[in-house]
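Some notes on the structure that comes next.
The values are calculated or read from the model by the stated rules, or taken from the named source; none is laboratory data. Note that this is a predicted model, so its numbers are computed, not measured. All Cβ positions, even for glycine, are placed from backbone atoms using ideal geometry, and neighbour counts span all protein chains on display.
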Amino acid sequence: MVLYKILNTDGMAKRAEFKTVHGTIQTPVFMNVGTLGVIKGAVSTIDLEKINCQVELSNTYHLHIRPGDEIIKKLGGIHKFMNWQKPILTDSGGFQVFSLARLRDITERGVKFNSHIDGRKIFIGPEESIRIQSNLGSTIAMAFDECIPNPSTREYVSNSVSRTTRWLERCIVEMDRLNKQEDTVNKNQLLFGINQGGVYEDIRIEHAKIISEFDLPGYAIGGLAVGESTEEMYEVLDKVVPYLPRNKPIYLMGVGTPENILEAVERGVDFFDCVLPARNGRHGQVFTNKGKINLLNKKFELDDNPIDEECKCEACCNYSRAYIRHLFKAKEMLALRLCVLHNLNFYNTLLRDVRKSIELNEFSKFKKQKLEDWKMI
């Protein structure tokens, strides 16, 4: 069965669809990040339906810590737990292990570290990560990898990438085993491998070649947007994407700004995720078709316009900039909810329009116009 089908191309940009047990994903796509099985900002899964979210992303590490992946399995899996029937991607927990844990011990077997919540000792390796994700029953699971610090020495990066490849092999074996178990929540769970290599292009390319041979359902590019410049990120994409399978979805992890997304789509990327729209929204920073604005600024005190006149979200259809600013100043939670909803709707709508532009072979024109429009404010 062919899971990924390219419908049209415009240069390197791809308009495709990816079939899963929980529905078909239209790509390029932005995945709305709900780390703990919820979007921060009082946004429900019913809200996600209204703003045309296609894929929700949850975090393996955080859900393992609380409420516990085994509890979620007993409750029927993450889809039933959240009341969300569309696709869900779970990351491997690797990034959180390396970013949150102050003390950690990396070995060939996996990583020992202390919980950032209560300090208890935890061990996660490839098998543990896959077992947690299997308990959750997500649509797409990510292979366990090391998110390499930037900057890192060439020797460290080379050794880390080799270990990540060996970990990927173990993830494949464990997922194959679990998908055959009678009590597995989702026997059709898909596994994506992750390309690493820091900013060393030759290491990235060699790793891309090696993991491509595993013929996985999809591939991610990890370890970017972690401190390198945007130019370095684009250079890595230019070099690496051509060495990943053209007939498989490519996922750029943790990216990014609207500008980043357009640049990456142009280079052949299909999947994106980032906490930016929700996090910015919770601080009154909202995206519009003319650029980003900060509603906390005094100049919006008497502004009775919607956040964005072109937007059809709940916030823009019903409330003014002045009112939402008042809600922030009064510390009312509705302010956070409205701005998070707006920003996620902005991203989902942007990707919808990206897909249309590729279908019409007008992506370059679309990208140029958007980049100009976003500088109007």
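Just one of the numbered conditions (1) loosely packed, with under 15 Cβ neighbours inside 10 Å; (2) among the polar types (S, T, N, Q); (3) within 23 Å of Thr107 (Cα to Cα) is not true of Asn188; which one?
Only one criterion in (1) loosely packed, with under 15 Cβ neighbours inside 10 Å; (2) among the polar types (S, T, N, Q); (3) within 23 Å of Thr107 (Cα to Cα) is unmet by Asn188, namely (3).
Every residue in the range 26-44 that is in contact with a Lys or Arg (Cβ under 8 Å, 6 or more places away or on another chain), in a strand (DSSP E or B) and either of a type outside the set (S, T, N, Q) or surrounded by fewer than 22 Cβ atoms within 10 Å (Cβ to Cβ) (or both), please.
Once the filter is applied, which keeps residues that are in contact with a Lys or Arg (Cβ under 8 Å, 6 or more places away or on another chain), in a strand (DSSP E or B) and either of a type outside the set (S, T, N, Q) or surrounded by fewer than 22 Cβ atoms within 10 Å (Cβ to Cβ) (or both), the range 26-44 yields Gln26, Val43.
Using the structure shown, decide if Gly222 is in contact with a strand residue (DSSP E or B) (Cβ under 8 Å, 6 or more places away or on another chain), over 28 Å from Leu36 (Cα atoms) and not β-branched (Val, Ile, Thr). Let's see the steps before the verdict.
Details: in contact with a strand residue (DSSP E or B) (Cβ under 8 Å, 6 or more places away or on another chain): yes; over 28 Å from Leu36 (Cα atoms): no; not β-branched (Val, Ile, Thr): yes.
Against the criterion (in contact with a strand residue (DSSP E or B) (Cβ under 8 Å, 6 or more places away or on another chain), over 28 Å from Leu36 (Cα atoms) and not β-branched (Val, Ile, Thr)), Gly222 does not qualify.
Name the single residue, out of those in the range 60-93 being crowded, with 24+ Cβ neighbours inside 10 Å and among the polar types (S, T, N, Q), that is farthest from Leu191 (Cα to Cα).
Thr60
Would you call Lys121 closer than 30 Å to His22 by Cβ and in the same structural domain as Gly218 (by TED's automatic domain parsing)?
Working: closer than 30 Å to His22 by Cβ: no; in the same structural domain as Gly218 (by TED's automatic domain parsing): yes.
Answer is no for this residue.
Yes/no per residue for (1) among the hydrophobic types (A, V, I, L, M, F, W, C); (2) assigned to a helix (DSSP H, G or I); (3) touching a residue at least 40 places away in the same chain (Cβ under 8 Å):
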| position | (1), (2), (3) |
| --- | --- |
| Arg170 | no, yes, yes |
| Leu191 | yes, no, yes |
| Val199 | yes, no, yes |
| Ile203 | yes, yes, yes |
| Met233 | yes, yes, no |
| Pro245 | no, no, no |
| Tyr251 | no, no, yes |
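Out of all the residues in the range 271-283, is one or more assigned to a loop (DSSP other than H, G, I, E, B) and over 16 Å from Leu338 (Cβ atoms)? Don't jump to the end; show me each part of the working.
Here is the first cut: in the range 271-283, the ones assigned to a loop (DSSP other than H, G, I, E, B) are 274-275, 282-283.
In the following step, the residues that additionally are over 16 Å from Leu338 (Cβ atoms) were identified as 274-275.
Yes, there is a match, as at least one residue in the range 271-283 is assigned to a loop (DSSP other than H, G, I, E, B) and over 16 Å from Leu338 (Cβ atoms).
Considering only the range 132-156, state which residues are closer than 18 Å to Asp176 by Cβ and in contact with a helix residue (DSSP H, G or I) (Cβ under 7 Å, 6 or more places away or on another chain).
Step one: of the range 132-156, the residues closer than 18 Å to Asp176 by Cβ are 132-144.
Result: Ile132, Gln133, Ser134, Asn135, Leu136, Gly137, Ser138, Ala141, Ala143, Phe144.
Starting from residues that are over 16 Å from the mean Cα position of the chain (by Cα) and of a type outside the set (A, V, I, L, M, F, W, C), keep the ones in the range 236-258 and report whichever is nearest to Asn59 (Cα to Cα). Show your work before the answer.
First, the residues of the range 236-258 that are over 16 Å from the mean Cα position of the chain (by Cα): 236-248.
Pick out the ones that are also of a type outside the set (A, V, I, L, M, F, W, C) and you get 238-239, 242-243, 245-248.
Values: Asp238: 28, Lys239: 29, Pro242: 29, Tyr243: 28, Pro245: 26, Arg246: 27, Asn247: 27, Lys248: 23 Å.
Per the criteria, the residue is Lys248.
Going by the structure shown, is Asn260 in the same structural domain as Ile140 (by TED's automatic domain parsing) and either surrounded by 21 or more Cβ atoms within 10 Å (Cβ to Cβ) or within 30 Å of Gly11 (Cα to Cα) (or both)? I'd like the intermediate steps shown before the answer.
Numbers: in the same structural domain as Ile140 (by TED's automatic domain parsing): yes; either surrounded by 21 or more Cβ atoms within 10 Å (Cβ to Cβ) or within 30 Å of Gly11 (Cα to Cα) (or both): yes.
For Asn260, the condition - in the same structural domain as Ile140 (by TED's automatic domain parsing) and either surrounded by 21 or more Cβ atoms within 10 Å (Cβ to Cβ) or within 30 Å of Gly11 (Cα to Cα) (or both) - is met.
Among the residues of the range 94-108, is any crowded, with 18+ Cβ neighbours inside 10 Å, within 28 Å of Pro245 (Cβ to Cβ) and modelled with pLDDT of 95 or more?
Within the range 94-108, none of the residues are crowded, with 18+ Cβ neighbours inside 10 Å, within 28 Å of Pro245 (Cβ to Cβ) and modelled with pLDDT of 95 or more.
Would you confirm, using the coordinates I've provided, whether Gln54 is in contact (Cβ under 8 Å) with a residue 40 or more places away in the chain and part of a loop (DSSP other than H, G, I, E, B)? It would help to see each step written out before you state the result.
On the way: in contact (Cβ under 8 Å) with a residue 40 or more places away in the chain: yes; part of a loop (DSSP other than H, G, I, E, B): yes.
Judged against the criteria, Gln54 is a match.
Between a first residue in the range 279-293 that is touching a residue at least 60 places away in the same chain (Cβ under 8 Å) and within 12 Å of Leu371 (Cα to Cα) and a second residue that is outside any strand (DSSP E or B) and of a type in the set (Val, Ile, Thr), which pairs have beta carbons less than 6 Å apart while being 6 or more apart in sequence or on different chains?
Here the result reads Lys290/Ile377; Gly291/Ile377, each pair linking the range 279-293 to a residue that is outside any strand (DSSP E or B) and of a type in the set (Val, Ile, Thr).
Does Glu228 count as more than 22 Å from Gln189 (Cα to Cα) and either at pLDDT 95 or above or part of a helix (DSSP H, G or I) (or both)? I'd like the intermediate steps shown before the answer.
Working: more than 22 Å from Gln189 (Cα to Cα): yes; either at pLDDT 95 or above or part of a helix (DSSP H, G or I) (or both): no.
For Glu228, the condition - more than 22 Å from Gln189 (Cα to Cα) and either at pLDDT 95 or above or part of a helix (DSSP H, G or I) (or both) - is not met.
Can you pull out the helices (runs of 4 or more DSSP H) entirely within the range 292-364 that have at least 1 residues that are in the same structural domain as Gly256 (by TED's automatic domain parsing), buried (at least 19 other Cβ atoms within 10 Å of the Cβ) and among the basic types (Lys, Arg)? Spell out how you get there, then give the answer.
Numbers: elements: 314-318, 321-329, 333-359.
Once the helices (runs of 4 or more DSSP H) in the range 292-364 are filtered for at least 1 residues that are in the same structural domain as Gly256 (by TED's automatic domain parsing), buried (at least 19 other Cβ atoms within 10 Å of the Cβ) and among the basic types (Lys, Arg), nothing remains.
Considering only residues of the range 58-101 that are over 11 Å from Leu136 (Cα atoms) and of a type in the set (D, E, K, R), which is farthest from the chain's Cα centre (by Cα)?
Arg66
So which of Ser229, Ser212 is over 30 Å from Val43 (Cα atoms), surrounded by fewer than 20 Cβ atoms within 10 Å (Cβ to Cβ), free of Cβ contacts under 8 Å to residues at least 60 places away in the same chain and touching a strand residue (DSSP E or B) at 6+ places or on another chain (Cβ under 8 Å)? Show your work before the answer.
Details: Ser229 fails: touching a strand residue (DSSP E or B) at 6+ places or on another chain (Cβ under 8 Å).
Checking each option against the conditions leaves just Ser212.
Scan the range 237-255 and give yes if some residue there is within 30 Å of Leu334 (Cα to Cα) and of a type outside the set (Gly, Ala, Ser), otherwise no.
The first filter runs over the range 237-255 and keeps only residues within 30 Å of Leu334 (Cα to Cα), leaving 253-255.
Adding the requirement that they be of a type outside the set (Gly, Ala, Ser) leaves 253, 255.
Yes, the conditions are met somewhere in the range 237-255.
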